[in-house]
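Have a look at the structure below before the remarks.
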């Protein structure tokens, strides 16, 4: 009797369990289909209510969490969508209701959106393993490996992507970027060109082609490439800065200033990298144009946002006398003719040298000079000196001394003098020792200018 009762109870339980799963297999897909339709119609509130009702009864229903994540994505709530997708991943149940490939693509994108590159990379690696003929997944892996600084691995994945799909423009571009960073310019150029062939709207390729051309001194090609790169709003400011730099490399400072001023004007955030670099190169441009007031204005704006940016603090210190000393201001900013006259006066009254010949140079002027007439030297043959005045901001190295010595040799002169608005580094000072070259740095120049003005 007891056996019969046990058998009946067991049979009842079995029927109940079976009925539950049968109902779940029939009802659940219908409810999920209804949710999918609500999402399609944009009825997100109703869809959310339906899914949460399902989760209230079955908290670990992976499909319900998946659909809730898709609702949050449609509503523009990616952080909530990621939480739901993480739950799906933890449960790890995939099938018809949760297409694994679609799920991993969605969660990979969300991981990357929130800066979780390691997690995004894991998903793309799984996608590549699951579909090893899909070039897109290998491209995505190469891109993230590159962002993580893993050039070797990034290269392998990028090469695999273009092998699988030779027409994958972004993969060619990615391979080009990696080759550019690893100092393979010719190979990089070829990949960027292939990238543009198959994806003409990838303006990043134009940007890198411009950098390659600029570095190889193809300035005309570089300017054209950067102009094309500007079609991308994301590249607009960077391309303008690069165009400015290209014009500066050509010595065309007026055109450079126009491009850099446009870049600075477009930058909405004064503290952004684009704005800081735009202002910095603009300041150097102004400096080259002898418009020191404008250069200082840009340095001060940079300093206010990021005091440690490059050599801005040093530049401001270097030019601090500029605003208080009109003599050094005139020396740095006056036109070439006035500059030559000022240097003549400084040579005569500051160094007691008479100018015989004038040789203009790009950043200053050279004089062939002799000692001024005096009773002490009457009847004595004067020894000529090559006197070089420079108005530059960079410290001079030994190459500047070698250049003067070369000119002295050509002119048959055995003594030389360099006067600069900057200074001399250790290599220049050491090289000048035991050679017939005198060096005058900025502070000494200021004293010479004082003597010149006092005697005029």
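Once you have the Cα-Cα distance between residue 156 and residue 227, take 0.36 nm times their residue separation minus that, and quote the gain in nm to one decimal. Gain on stretching residue 156 to residue 227: 22.4 nm. Compute the FRET efficiency between residue 314 and residue 181 as 1/(1 + (r/R0)^6), taking r as their Cβ-Cβ distance and R0 = 35 Å, and round to the nearest 0.05. After rounding to 0.05, the efficiency reads 0.75. How far is helix 292-305 tilted, in degrees, relative to the longest principal axis of the Cα atoms in the chain, given as a value from 0 to 90 rounded to the nearest 10? Taking Cα atoms only, the helix is inclined about 30 degrees.
Take the Cα of residue 403, step 7 Å toward its Cβ, do the same at residue 358, and the gap between the two points is 2.1 nm.
In segment 201-318, Cα pairs under 8 Å separated by at least six residues give a relative contact order of 16 percent.
Note on segment 327-456: Rg/Rh from C-alpha atoms, Kirkwood Rh, equals 0.95. In degrees from 0 to 90, rounded to the nearest 10, what is the angle of the helix 398-411 Cα long axis to the longest principal axis of the chain? Compared with the principal axis, the helix lies near 40 degrees. Decide, for segment 145-193, between rounded, prolate and oblate: order the square roots of the alpha carbon gyration tensor eigenvalues as a ≥ b ≥ c, take rounded if a/c falls under 1.5, and otherwise choose prolate if a/b is larger than b/c, else oblate. Cα axes put segment 145-193 in the oblate bin.
Computed from the C-beta positions of residue 394 and residue 163, the FRET efficiency with R₀ = 56 Å rounds to 0.75. Computed from the alpha carbon atoms alone, the convex hull of segment 218-266 holds 53 Å³ per residue. Taking the longest Cα principal axis of the chain as reference, the axis of helix 185-198 is set at about 50 degrees. Compared with the rule-of-thumb size 2.2 N^0.38 Å for a compact globular protein, segment 122-221 has a Cα radius of gyration ratio of 1.07.
For the pair segment 106-127 and segment 319-374, the centres of their Cα atoms are 64 angstrom apart.
Over 17 Å apart: what share of the alpha carbon pairs of segment 71-135 falls there, rounded to a whole percent?
Beyond 17 Å sits 40 percent of the P(r) for segment 71-135.
What does the C-alpha gyration tensor say about the overall shape of segment 391-456? Classify as rounded when a/c is under 1.5, otherwise prolate if a/b is larger than b/c, or oblate.
oblate
Label sites at residue 118 and residue 90, each approximated as a point 7 angstrom past Cα along Cα to Cβ, lie 1.8 nm apart. Across the chain the C-alpha pair distances fall into 20 Å bins from zero in the proportions 18, 33, 25, 14, 7, 3, 1, 0 percent.
Given only helices, namely DSSP H runs of n ≥ 4 each adding -39500 (n - 2.57), what is the per-residue ellipticity at 222 nm of the chain, to the nearest 500 deg cm²/dmol?
The helix contribution divided over the chain gives -22000 deg cm²/dmol.
Computed extension length for residue 454-residue 80: 127.0 nm, one decimal, from 0.36 nm per residue of separation with the Cα-Cα distance subtracted. In the chain, the DSSP beta bridges split such that about 55 percent are antiparallel, to the nearest 5. Approximating the spin labels as points 7 Å out from Cα along Cα→Cβ, the residue 266-to-residue 303 distance works out to 2.9 nm.
Using a cutoff of 8 angstrom between alpha carbon atoms and counting only pairs six or more residues apart, the relative contact order for the chain works out to 5 percent. Using only Cα coordinates, the Kirkwood hydrodynamic radius of segment 47-167 works out to 15.3 Å.
Kirkwood Rh, segment 241-331, all Cα pairs: how many Å? The answer is 13.3 Å.
Read-outs: derived from the displayed coordinates by stated rules, not from any lab. Quick caveat: nothing in here was measured; it's all calculated off a predicted structure. Cβ coordinates were reconstructed from backbone atoms using ideal geometry, including for glycine residues, and neighbour counts include every protein chain displayed.
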